[in-house]
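Accompanying notes for the structure given below.
Nothing in this text is a laboratory measurement; each read-out follows from the coordinates by a stated rule. From a predicted model like this one, the values you see are computed outputs, not experimental measurements. Quick reminder, even Gly has a Cβ in these numbers, built from the backbone with ideal geometry, and neighbours come from all protein chains shown.
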Amino acid sequence: MSDAIINKVANSGLITIDLESYLPSGDAATFDLKDHLFMGLILKEKDFREALKKMDWAIYKNEYVAITCSADAIIPAWAYMLVVTYLKDIARDSYVGTAAEMQKHLFLKQLAAIDINEFADQRIVVKGCGDSTIDSYAYAEITRLLLPVVKSIMYGEPCSTVPVYKKGATASLNPSGGGTSQQHRP
């Protein structure tokens, strides 16, 4: 009889996806339109354009920039558009929203860039814990992306998983009956 220890997890053929490795690095810088409002309420086009021309945009070099307005003011859409034109060749990326929304945007872009075909007909474990907090939207998005190509999706660690999806499984495991949902993106 052999005394060799067999690592069943290593031999299981499971592929682990660690969402933490797709987290965007660094924080987003913020461009706040509030700083350009007349009396904290109104954006004057001529003054705004002049302020943008005089601004030192180098502070946003290679930064992710969230464009927002923290004041309770109505900002015309063209104002955001104008800021984006100044950031175009300077910032790594820009996004209209808060810094937290920018991080979500970047995270979803990272996930969308995954070559899902690498996981065709594979059994996937989406890692469930780590050093960073991963919001539920990321788990939902990776599931949505993987559904068309994988054999199964589990959540957790290879030694202790929760089944989420199995191709061809009954409705009890796949409440939607195995279909995929479509996400509407404007």
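Numbers at a glance
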{"item": "Amide H contacts of residue 126 (H built 1.01 Å from N, under 5 Å, at least 5 apart or other chain)", "result": "17, 154, 155, 156"}
{"item": "Under the Debye formula (equal points on every Cα, no solvent term), log10 I(q)/I(0) of segment 29-104 at q = 0.20, 0.22 Å⁻¹", "result": "-0.84, -1.01"}
{"item": "Residue 30 long-range amide H proximity, modeled H, under 5 Å", "result": "66"}
{"item": "Net charge of Cβ neighbours under 12 Å - reference residue 130; Lys, Arg +1; Asp, Glu -1", "result": "-3"}
